[in-house]
Every structure is written in structure tokens, then in C-alpha cells.
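Novice: Take this structure first; my questions come after.
Nothing in this text is a laboratory measurement; each read-out follows from the coordinates by a stated rule. A quick note: this is a predicted structure, and the numbers were derived from the prediction, not measured. Here the Cβ positions follow ideal geometry from the backbone for every residue, glycine too, while neighbour counts run over all protein chains shown.
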Amino acid sequence: MGITDHISLDLSLARGLDYYTGVVFEAVLQGAVVGSVSGGGRYDELVNMFGGEKIPAVGFSLGLERLFAIAETMLASQGGKLRDNDTEVFVLSGIPDSLEQRMQVCSELWAAGIPTEFIPKASAKLKPQMTAAQRAMCPVVVIFGEDEIAKGTITVKDMSKHEQVEVPRAQLVEQVRKVLAHPSYVPVEGSEDKKVGDHTLKRVTFTRPVRCAWCGEIIAGVSSQGYICEPCETACHVTCSRFAASIPCKH
């Protein structure tokens, strides 16, 4: 299985908790400078200490704060940022008392399976709404005002390209999906392209959420690395890339 290439024996390793009765271990990430990101070991008496049977066990814990710090550093070195949400669209309006209209727009996008957010205040001002959208790093913003309502239109803005288009209200979902279909990413330095079927896949870090062409799940947040076939813009999770041969290449 090749696991021995990733294990080293250190007889000086010691962990502070006194319930360990056997081997102890720690996990580190190569190239990281924050120490171990996981640790654990064998304990035969721990379950019995809390009133249960004497059951030998092995357990470990993860250092989530360290993992997030490493992920943030890695993304920053590749020109990306760590997101704490998978929201794809932020709905905002400068119309006073527009809460009901904003909720209607969100409901339509939610029904289409598009993660959407808004500020749940009756009279939210436009600037704080845009600030919230930028803070959440949403790739798409949907905007409407009194003019759009009168014309039966709505504005969809691509935040990465700073481009916006006004479309008929009935075409909202179609336009949002069209914007989200174009991935935004930066290459992972030192990685090699790999050929899978008709696709030439490049390892990248996605700088905004994109859906995996194989499983349909969103690639974002901590797991924002994946593969992209640049000619046809097919995006895949790292683990789904091996199935890319079954996805038609459009170039």
C-alpha cells in the first residue's frame, strides 16, 4: 500500500496524557511549520475509568485550528483565500422595505439548488449589503431596484470579472448558472498535468465555488483544490478526476 513511505519511528516521542498504555503517534504535514496536526495512541484502561467495560482502544484527535492555518497559508501562496462558507449568490437591493422581494429572489435560487444568502433586515442599506457580499466572497451578486421592478428585469453581477448584465426576471436562474459555469482558479505550482480520457487536467485552486462535473458537489472552502480541463472548463474534485474519462470533452 506504500504506507511505510509516510511513517517514521521516533523512540523519543512522548505525549503528556497519562492514560496511554502503548504506542503513541503524531501526524505532521510535510512543508508545514506548525508542528503536529494530529496525535493519539493506545489506551487499554480509559473506557473502564469512566465506568464501562475494560475495552482496549486506539484513538486520536485533530488540530483543526492548525489545519485551517495551514490551508489559509497554502491558499494565500497560490493567490486564493480561505472561505468559511459555500454561498454562491448574494441578493441585495437598495429599495426600502424590500425584505419580501429579496426573500422571493432567494427562494427561487434556493429552489434551483443554488446556495444563496441575503441580509434579513427589512430596510437594509445597499452599502452594508454589498460589504457583506464581499466579506462572504460570493462569486455572484443579484441586484434589483425600483427601475428593475418596473421593467420586470434583474441585474446579475460577476464579482470576479466586475461585469454585470441586466436580464428579464424569468431568466434569473439561467443567467446565474451561466456565470457560475465559468470557473475562476489559479494553478498549483509544481503540479503536472494528467491525461484522463479526452481531458488534459491541470491541478488548480478554485478561487470561487464551482460544481464538480462528475459528482455535482461544490468545490470550495478548505477543499477548494481540484482539476480543470482548460479547453472545455470541466472541473473535478481531486477524488473524482479519475472518472473524468466518462465526461465528454467539449473542445
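Novice: In segment 130-165, whose amide N lies under 15 Å from the spot 7 Å out along Cα-to-Cβ of residue 101? List them in ranges.
Specialist: What the label zone holds, given the 15 Å backbone N cut-off, is 142-156.
Novice: Separate question: Identify all aspartates and glutamates with a Cα-Cα distance to residue 151 below 18 Å; exclude those on the same chain that are fewer than 8 residues away in sequence.
Specialist: Straight-distance partners of residue 151: 166.
Novice: In whole percent, what relative contact order does segment 111-178 give with Cα contacts below 8 Å and a gap of six or more residues?
Specialist: That works out to 21 percent.
Novice: Calculated from the structure, Rg and Dmax of the Cα atoms in Å equals which of (1) 24.7, 84; (2) 16.5, 54; (3) 23.9, 75?
Specialist: Label of the calculated value: (3).
Novice: Please report the antiparallel percentage of DSSP beta bridges with both residues in segment 89-180, rounded to the nearest 5.
Specialist: 60 percent
Novice: Give me Rg over Rh for segment 185-246, both radii from the alpha carbons and Rh done the Kirkwood way, two decimal places.
Specialist: Rg/Rh: 0.92.
Novice: Scan around residue 210 for amide H atoms under 5 Å from its own, H built in the peptide plane at 1.01 Å from N, and keep only partners 5 or more places away or cross-chain.
Specialist: Result for residue 210 returns 219.
Novice: Please tell me the relative contact order of segment 185-246 in percent, rounded to the nearest whole number, where contacts are Cα pairs under 8 Å and at least six residues apart.
Specialist: For segment 185-246, the relative contact order is 31 percent.
Novice: Would you mind putting 137-145, 158-166 in packing order, based on average other-beta-carbon counts within 10 Å, highest first?
Specialist: Those peptides, ordered most packed to least, come out 137-145, 158-166.
Novice: Of the beta bridges DSSP finds with both residues in the chain, what % are antiparallel, to the nearest 5?
Specialist: Close to 85 percent.
Novice: Residue 193: net charge of surrounding residues, Cβ under 9 Å, Lys/Arg +1, Asp/Glu -1, itself excluded?
Specialist: Computed value for this residue: +3.
Novice: Determine the relative contact order of the chain: mean sequence separation of Cα pairs under 8 Å and six or more apart, normalised by residue count, in whole percent.
Specialist: Result for the chain is 12 percent.
Novice: Now for a separate question. Kindly write out, for segment 108-120 in residue order, the coupling ³J(HN,Hα) from the Karplus curve 6.51 cos²θ - 1.76 cosθ + 1.60 (θ = phi - 60°), rounded to whole Hz, with x marking Gly and Pro.
Specialist: Residue by residue, segment 108-120 yields 5, 6, 4, 4, 8, x, 9, x, 9, 9, 7, 8, x Hz.
Novice: What share of all Cα pairs of segment 3-62, in percent, falls into each consecutive 10 Å distance bin?
Specialist: Reading upward from the zero bin: 20, 47, 24, 9, 0.
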